[in-house]
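The values are calculated or read from the model by the stated rules, or taken from the named source; none is laboratory data. What you see is a predicted model, and the numbers here were worked out from it, not measured in a lab. Backbone-built Cβ (ideal geometry, glycine too); neighbour counts: all protein chains shown.
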Amino acid sequence: MTGRYDAAGPESEFQPGSRGRILRNRRRITSVRELERDESEALLAATQQAIRCYRSAAACAVVPARVNSKCNSHTREAGSVA
């Protein structure tokens, strides 16, 4: 019997070579250190992009003359985070 939070199927498989420590992933990472480094880099990139987006949106609110040139850049950038 599976509980409310039990995973089944591909969500519950471990990455081959990870000794049961890392869930299966597209990057085929098998080391905990490598996974933590990869996650940290992704978090840093997402944070930097959020800051750029915020600054761009704030600049648009403060300087209406820049509406045509820059204000929509924050929505384009946000769409590229994945």
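Points to keep in mind about this one:
- Contact annotation: residue pairs with Cβ atoms under 8 Å, 6 or more positions apart or on different chains, pairing a residue in segment 4-20 that is in a loop (DSSP other than H, G, I, E, B) with a partner that is among the small types (G, A, S), are D6/S12; S18/S31.
- As for segment 32-43, it holds no residue that is in contact with a Ser or Thr (Cβ under 9 Å, 6 or more places away or on another chain) and at pLDDT below 95.
- Unmet requirement for A78, which otherwise passes all of (1) out of contact with any Lys or Arg (no Cβ under 7 Å at 6 or more places or on another chain); (2) surrounded by 12 or more Cβ atoms within 10 Å (Cβ to Cβ); (3) over 30 Å from E11 (Cα atoms); (4) modelled with pLDDT under 85: (3)
- The set of residues in segment 21-55 that are of a type in the set (V, I, T) and part of a helix (DSSP H, G or I) comprises V32, T47, I51.
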